[in-house]
Amino acid sequence: MNTQMNVNEALPLDTFSQGVKDCIPTLLGYISIGIAFGVIGITSNLSVLEIFLLSVLVYAGSAQFIFCGLYLAGAPFSVIIITTFIVNLRHFLMSLTVAPHLTQYSALRNIGFGTLLTDETFGVAVTKLAKEKTIGGNWMDGLNLTAYFTWIASCTLGGVVGKWLPNAESWGLDFALVAMFAALLIINLVDVGKTKLMHYLKLIALMALIMYVLLYFLPGHIAVLITTIIVATIGVVTEK
Amino acid sequence: MTTSLSMILLMIGCAIVTWLPRVIPFMLVRNVKLPDVVLRWLSYIPICILSALVLESLFNSEGTIVTLNWLNVIAFIPTLIVAIFTKSLFKTVIVGVLTMAILKFFL
């Protein structure tokens, strides 16, 4: 316990409250998507309790939407579970990217960091890493728990008000996620430096091409995973 | 406010397959020192995965031919400009959502 306290003291910005603060810009994304999910859950014949439990247990936006779609379509449980696994497999890469920076913490705390990793918290964490080269456990907990509780509250709220709010998906609030990823991408690109920037811009152009082709054969979430693996590999091979 | 045992089991199944890929890497890197080339490869993952998530949203693969998702592309332009000039997550999200709301209102 003492050694951990020392680690924390060495990092001035590793505070829970700083993690909460850094989570705030992403909350609009969680709230809008969470409410939209709650509404869709209700229209997919889930109860409010089930919407609440799903956001507590699975805690993954796209997987929860797909869960509703498959459940409503009467898909077998095995298909729902396998699809959920594939949709969330990209988290493996995200965890693998963040984990080496948090090995000084206990196994239990690392399980905590991993359990609450999402696309959004990953984006915020790697952006902080790009800027400050280090992230702390208290900061991660602040970020993760703020996102987690906001997500559960938003999904549940969506389920409660769902009866009065049809067509939540047509409001365009889901664009909050795209805007957030775009901003995180730009902030990360700014921090790589001029010489690497050209390399990255070429990689992104190549990625657009690969993505376009793959989308003919694969659903979007698998195309995201595979293009990332291909382009990161090309990145390492072609770096000077 | 009800549920059934089979639904609870289904959710637990989904929770386990979501949880494992999130947690396994955290356990892995504690016990295995990743080779330098893997670490260099991982340094490409943030920008690659963020690009992939953005690019995927700009395409529409619902038809037989993959096309641009024009609505998202049009909303993406002011969003990107704000991101580049402000480098602010919050301002970018607000501008993105407002642009999309306006587009949806007129279309």
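The values are calculated or read from the model by the stated rules, or taken from the named source; none is laboratory data. From a predicted model like this one, the values you see are computed outputs, not experimental measurements. Quick reminder, even Gly has a Cβ in these numbers, built from the backbone with ideal geometry, and neighbours come from all protein chains shown. To get the accessible areas, we keep the full protein, side chains included, count just its heavy atoms, and leave off ligands, DNA and RNA. Shrake-Rupley method; radii C 1.70, N 1.55, O 1.52, S 1.80 Å.
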message: Not counting ligands, DNA or RNA, and with a 1.4 Å probe, what is A:Val48's accessible surface area in Å² rounded to the nearest 10?
response: 30
message: For the range A:14-113, place one equal point scatterer on every Cα, skip the solvent, and apply the Debye formula. What is log10 of I(q)/I(0) at q = 0.12, 0.18, 0.20 Å⁻¹?
response: -0.53, -1.02, -1.13
query: Using alpha carbon coordinates only, what is the Rg to Rh ratio of the range A:2-174, with Rh defined as the Kirkwood radius?
result: 1.02
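Could you report the buried accessible area between B and A, both sides summed, computed with a 1.4 Å probe and given in Å² to the nearest 100? Each step should come with its number before you reach the end.
Details: alone 9520 and 13400 Å², together 15640 Å².
Roughly 7300 Å².
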field: Approximate spin-label separation B:Ile12-B:Val32, in nm, with each point projected 7 Å along Cα-to-Cβ
entry: 3.0
message: Run the simple label-point estimate for A:Val161 and B:Phe105 please: 7 Å along Cα→C-beta, distance reported in nm.
response: 1.8
- request: State the Cα centre-to-centre distance between the range B:24-88 and the range A:38-54 in whole Å.
  value: 29
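Leaving out ligands and nucleic acids, note down the accessible area per residue over chain B with a 1.4 angstrom probe, in whole Å². Don't jump to the answer; show the numbers that get you there.
Values: 5690 Å² over 107 residues.
So chain B comes to 53 Å² accessible per residue, rounded to a whole number.
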- prompt: Between A:Leu197 and A:Thr238, what is the spin-label point distance in nm, taking each point 7 Å from the Cα along the Cα→C-beta axis?
  reply: 1.8
- prompt: With contacts defined as alpha carbon pairs under 8 Å and 6 or more residues apart, what's the relative contact order of chain A in percent?
  reply: 34
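Against the empirical 2.2 N^0.38 Å scaling, what ratio does the C-alpha Rg of chain B come to?
1.56
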message: Just to check, using Stokes-Einstein with a Kirkwood Rh over alpha carbon pairs, what's the diffusion coefficient of the protein assembly as shown at 25 °C and 0.890 mPa s in µm²/s?
response: 119
query: Say the cut-off is 31 Å between C-alpha atoms; which of A:Lys133/B:Lys104; A:Lys196/B:Lys104; A:Lys131/A:Lys202; A:Lys131/B:Lys104; A:Lys21/A:Lys163; A:Lys240/B:Lys33 go over it?
result: A:Lys133/B:Lys104; A:Lys196/B:Lys104; A:Lys131/B:Lys104; A:Lys21/A:Lys163
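If you roll a 1.4 Å probe over the protein assembly as shown with all protein chains in place, what percent of the accessible area is carbon or sulfur?
Numbers: 11440 of 15640 Å².
Of the solvent-accessible surface of the protein assembly as shown, carbon and sulfur hold 73 percent.
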